[in-house]
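Presented below is the structure to which this report refers.
The values are calculated or read from the model by the stated rules, or taken from the named source; none is laboratory data. This one's a predicted model, so the numbers in the text were calculated from it and none came from an experiment. Note that each Cβ is placed from the backbone with ideal geometry, even for glycine, and that neighbours are counted across all protein chains shown. These area figures cover heavy atoms from the full protein model, side chains too; ligands, DNA and RNA do not enter into them. Shrake-Rupley method; radii C 1.70, N 1.55, O 1.52, S 1.80 Å.
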Amino acid sequence: MTVNPANPAAAGAHGAPSEDAAARADRAAGPGLKGSDRPRGTARASAPAHFDDPVLDSMARRRSISSVGPGAPSDEELKELLAAVTPVADHKALRPWRLITLRGDDRLRLGEALDEASGTQREPGEINRKPLRSDLLIAVVAKLTEHPKVPAWEQLATAAGAAHLLELALWQAGWGVMWRSGLATDAEPVRAAHGLAADEQLLGWLYVGSVDDYFKKKLAQSSRPPLDPEQFLSRFGE
């Protein structure tokens, strides 16, 4: 398994944010990290919880970033990582998910489909650059099967669980990820571009790429406390 040497245990994703989002990121950065000091598309990272167990520690350090750098794992590397994904919780073993990789000109065709879905008209030679924010996009597809004991929501949960496990596996391998969707995610032109069957639903795309040194440094130095786990846990009947 080839591990991205740029980032042995950090994650992120790609995409240029709006000016408002960039301004919010600058405000969150605190003194000394304004404007050109902050790479476009990065956000302040909260300090990760620390675990002696390397698996738990990697999970605690996972972050989504709005901008990843160039490079991406090969299909063979992805297949190796999927060995850590296929044990996802799956009621009745329906295997209700699959993944589609988009590279190179595939991303241009996706941009055209997104424009068609939204009714966007562009000038000659102009393209939708959103799918180009990462060298690799992985479409997450849920394949729903009628089953008397497994409702559709459980199958969607399995597909989403597989996608998140893949995010974690990519993070551990040194790659950054951002899960993106949008109002046009399951629109007919987008579905057709991906070759989806009638029983399939697109849940969005994982934008995969490298992570810059700036974010890794900020994550390591962050003093922002992690989220309090207590807010997510309660007793039955409370």
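Structural remarks
- FRET E, pair L183, Y214, Förster distance 41 Å, beta-carbon r, rounded to 0.05: 0.85
- Solvent-accessible surface of protein heavy atoms, probed at 1.4 angstrom with all chains present, puts F232, F51 in the order F232, F51, largest first.
- Largest first, the residues R191, R129, R122 sort by 1.4 Å accessible area into R129, R122, R191.
- Note on H91: accessible area approximately 80 square angstrom, rounded to 10, probe 1.4 Å, nucleic acids and ligands left out.
- Surface accessible to a 1.4 Å probe, L82 within the full protein complex, Å²: 40 Å²
- Were the residues from A84 through D199 laid out at 0.36 nm apart, the gain over their Cα-Cα distance would be 38.8 nm.
- Rounded, prolate or oblate (a/c below 1.5 giving rounded, otherwise prolate when a/b exceeds b/c) for region 82-223 by Cα gyration tensor: oblate
- Where GluC sites (Glu not before Pro) fall in DSSP loop in region 45-126, at most 14 other Cβ within 10 Å: E126
- Gain upon complete extension [S222, F51; 0.36 nm per residue less C-alpha separation]: 59.9 nm
- All aspartates and glutamates inside 20 Å of K79 as judged from Cα atoms, apart from same-chain residues fewer than 8 positions distant: D90, D106, D135, E167
- The amide H of G176, built 1.01 Å from its N in the peptide plane, has G12, G209, S210, V211 as neighbours under 5 Å, considering only residues 5 or more places off or on other chains.
- Counting 0.36 nm for each residue step from H164 to R109 and taking away their Cα separation leaves a gain of 17.3 nm.
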